[in-house]
Structure formats: structure tokens, C-alpha cells
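To start, the structure itself, in C-alpha cells.
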Amino acid sequence: MKDYKIAVQRGLEEVEAALKQEGFDVHKYGTAGLDADVTIITGIDEAYEEIQPAQYHANGKKKMLVIDGTNSTTDEIMKRVHTFIKE
């Protein structure tokens with residue numbers, strides 16, 4: 001499996017565990033810096049106000065998928081991750 005760096009916000013431990021079980025490179029939100037391929041958050045964060053359930057943010061050539069997990073189940077979040085990686 002290709003290595004994807006995924007940052008997960010505190011409070012999403014079930015999602016974090018599911019990602020680790022599948023072999024993803026998982027980090028706590030805020031520790032992966034701008035190197036994360038996917039960031040999973042809940043609630044409103046100043047940096048990502050008014051985001052869609054999943055949308056891309058670009059930083060130079062680097063593209064990161066931001067997934068809003070608010071009111072979503074672990075399965076729904078995992079489906080969004082798998083849609084991104086297409087594996």
C-alpha cells in the first residue's frame with residue numbers, strides 16, 4: 001500500500017485505530033505539519049471554516065484532502081479516505 005500520511009484530530013480515536021489497522025501512516029492533528037496527504041477534523045476549525053465534507057486544499061505543489069468528520073460515522077469517514085486513495 002502506498003504510504004499516505006493522515007492527520008487525525010483528537011476525539012476521532014476510532015477513526016485513527018481503523019486507519020492504523022489498514023496500515024496508514026497516522027499522526028495526531030497538528031503534528032504532521034503540511035506534509036499530510038489527508039487531514040480529518042471535526043467541528044469548525046479557523047483554518048478550515050465552511051469546508052465541504054471532503055475537499056482539497058493546496059499549498060504550493062502539495063495537495064491535501066481535508067475531511068470534515070462532524071456527525072459522520074467511522075465507516076463514512078473511511079469511505080471518504082478510500083475514495084481519495086482509490087485503492
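A few comments on the model shown:
- Accessible surface of LEU34, taken over heavy atoms with a 1.4 Å probe and every protein chain present, rounds to 120 Å².
- Using a simple spin-label model with pseudo-atoms 7 Å out from Cα toward Cβ, LYS5 and LYS28 lie 1.7 nm apart.
- Chain lengthening between HIS82 and GLU14 when straightened (0.36 nm per residue, less Cα-Cα): 22.9 nm
The values are calculated or read from the model by the stated rules, or taken from the named source; none is laboratory data. Note that the coordinates shown come from a computational prediction; the quantities given were computed from them, not determined experimentally. Every residue, glycine as well, gets a Cβ built from its backbone with ideal geometry; the counts of neighbours run over all protein chains shown. All accessible areas refer to the heavy atoms of the entire protein, side chains included, with ligands and DNA or RNA removed. Shrake-Rupley method; radii C 1.70, N 1.55, O 1.52, S 1.80 Å.
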